[in-house]
Amino acid sequence: MALYDTFVGLEVHIHLLTKTKAFCGCAFEYGAPPNTHVCPVCLGYPGVLPAVNREALKFAYMVASALHCRLSEQTFFERKNYFYPDMAKNYQISQFQEPVGTDGWFSFSSGGELKRIRIHDVHLEEDAGKMIHEGSRSLIDYNRAGTSLLEIVTEPDMHSGEEAEDFLHAFRQMVMYLGVCDGNMEEGSLRCDANISINRKGKGLGTKVEMKNLNSSKNVRKALRYEQKRQARALKSKSEIIQETRLWDADAGKTTSMRTKEAAHDYRYFPEPDIPPFRPDAGFLQEVSRCMCELPLDRKERVGKQYALTEEMALFITDEKDRADFFEEAAAAGADAAESAKWLKGEVAKALGRRGESLSASTLTPERFSSLMKLLSDGTIHANIARRLIELMLEGDEDPQQIIDEQGLLASEQDGGDLKTAVGQVIAQQPAAVDDIRSGNLKAVGFLMGLVMKETGGRADPSAVRAAIDEILGL
């Protein structure tokens with residue numbers, strides 16, 4: 001591809017986490033029985049009067065602010081006219097001339113570099129319904145029709161599928177931090193159309209091709225890579241590249257033509273006559289400002305410096321807002337930051353994975369975790385007991401000290417005499433392992449340690465067990 005320049009732009013759609021749809025009072029519930037959350041407004045009956053969801057507007061302005069956009073002092077809605085079977089009224093209430101935000105930018109990391117992508121606009125609109133294809137017939141579920149949908153349009157500043165994939169990861173993280181979208185691409189909460197053009201080096205933009213049906217960031221990368229090669233072959237053979245919309249076939253690993261691409265005038269935009277312009281006042285903008293939070297990239301930099309974490313550890317801690325909040329609350333409660341990060345990334349993550357739970361939904365609180373870290377750092381417990389306590393705290397609803405008292409988990413309960421007795425018994429029962437050790441095979445020491453830990457119910461301190469073995473065997 002060295003002979004060509006590649007230009008990639010994205011159109012990202014996110015379902016806003018509003019309780020009701022964009023212009024009516026219907027709830028949106030993913031997976032609800034078909035056509036159970038519909039009304040005359042979202043079905044487009046004649047004579048209905050849509051009303052703008054204020055929360056959707058607030059969320060839209062939050063995203064536009066996070067993307068450093070120029071916020072519109074007056075935004076209004078327009079009718080985008082087209083026929084699709086999943087849009088009952090044959091037009092979509094959207095924005096064109098005065099969207100919520102314009103001329104922004106978004107920074108993210110890709111390929112070890114910090115990239116800055118220009119944002120063309122952020123506009124609020126309603127989603128269409130969902131088509132369900134069954135054999136030779138197609139059915140329509142209008143539950144999704146009218147839901148609050150925010151579209152973010154980038155400039156063609158990306159140059160590969162890998163960059164686009166990294167952009168989507170970072171963007172998804174941002175909207176989840178803001179709490180305006182759950183970021184679930186499998187359920188369609190976050191969707192993406194990709195635009196790509198290639199041209200000979202230094203010749204500027206080529207003919208734009210849009211790709212749809214991209215239901216994961218991985219498919220965005222794959223589809224862009226395929227289309228990049230397809231267009232390069234066309235340029236090399238001097239074939240015409242048509243401005244069109246193409247579908248990504250994930251099973252076949254290729255794009256196929258869907259329709260020629262419409263221009264803006266094809267949609268015959270005109271102002272929505274039933275919805276007056278919205279002018280955000282000082283109170284509304286203050287509310288937007290109050291709902292903003294420290295964004296992921298900024299938080300990663302701050303957390304890394306404030307708590308002296310490695311780049312990798314800071315990235316892990318701040319990958320999810322709930323985890324970052326948990327970590328900082330535990331540190332504020334007195335837990336050692338570096339140890340807390342290590343245990344969150346290691347044993348806590350493993351335990352949660354085995355249980356299929358998220359940190360925020362578990363019974364492990366920052367205060368309890370901080371108490372555990374303090375018990376570990378002051379030598380009251382050792383690592384094996386700490387691991388067991390994590391499992392027990394996730395199973396129940398108790399503080400670590402309560403569990404220790406109730407189950408007698410303290411390492412000090414196994415005093416020196418008892419420990420030596422236990423070690424001596426294990427050594428007497430394993431003459432082959434002892435012979436291996438005396439022959440220089442020190443791996444057998446670990447075998448003996450495991451048996452002693454089993455014998456003591458995991459209460460013994462592993463370092464004390466090793467010391468006792470060394471003493472008895474004269475190592």
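Before moving on, here are some points about what is shown:
- Given (1) surrounded by fewer than 22 Cβ atoms within 10 Å (Cβ to Cβ); (2) not in a helix (DSSP H, G or I), number of the condition residue 194 does not satisfy: (1)
- Some residue of the range 104-118 being in contact with a strand residue (DSSP E or B) (Cβ under 7 Å, 6 or more places away or on another chain), within 28 Å of residue 74 (Cβ to Cβ) and of a type in the set (Gly, Ala, Ser): yes
- Restricting the range 1-43 to residues that are modelled with pLDDT of 95 or more and among the hydroxyl-bearing types (Ser, Thr, Tyr) leaves a set whose member that is farthest from residue 178 (Cα to Cα) is 6.
- Positions within the range 73-126 being in a loop (DSSP other than H, G, I, E, B) and farther than 21 Å from residue 15 by Cβ, in sequence order: 73, 74, 76, 83, 90, 97, 98, 111, 112
- In summary, helices (runs of 4 or more DSSP H) completely within the range 391-475 and bearing 2 or more residues that are modelled with pLDDT of 75 or more and under 43 Å from the mean Cα position of the chain (by Cα) occur at 400-407, 443-455.
- Hey, residue 235 among the aliphatic types (A, V, I, L, M), surrounded by 15 or more Cβ atoms within 10 Å (Cβ to Cβ), modelled with pLDDT under 95 and farther than 23 Å from residue 4 by Cβ or not: no
- Filtered residue count, the range 94-109, keeping only those that are surrounded by 19 or more Cβ atoms within 10 Å (Cβ to Cβ) and under 25 Å from the mean Cα position of the chain (by Cα): 5
- Considering only residues in the range 343-366 that are surrounded by 14 or more Cβ atoms within 10 Å (Cβ to Cβ) and more than 21 Å from the chain's Cα centre (by Cα), the one that is farthest from residue 394 (Cα to Cα) turns out to be 343.
- Residue 24 among the hydrophobic types (A, V, I, L, M, F, W, C) and within 30 Å of residue 162 (Cα to Cα): no
- The condition of being of a type outside the set (Phe, Trp, Tyr) and in contact (Cβ under 8 Å) with a residue 60 or more places away in the chain holds for only one of 114, 150, that being 150.
- If you go through the range 295-316 and keep only what is outside any helix (DSSP H, G or I) and in contact (Cβ under 8 Å) with a residue 24 or more places away in the chain, you end up with 295, 307, 308, 309.
- Every residue from the range 8-44 that is free of Cβ contacts under 8 Å to residues at least 60 places away in the same chain and of a type in the set (Lys, Arg): 19
The values are calculated or read from the model by the stated rules, or taken from the named source; none is laboratory data. All values derive from a computational prediction rather than experimental measurement. Cβ: placed from backbone, ideal geometry, glycine included. Neighbour counts: every protein chain shown.
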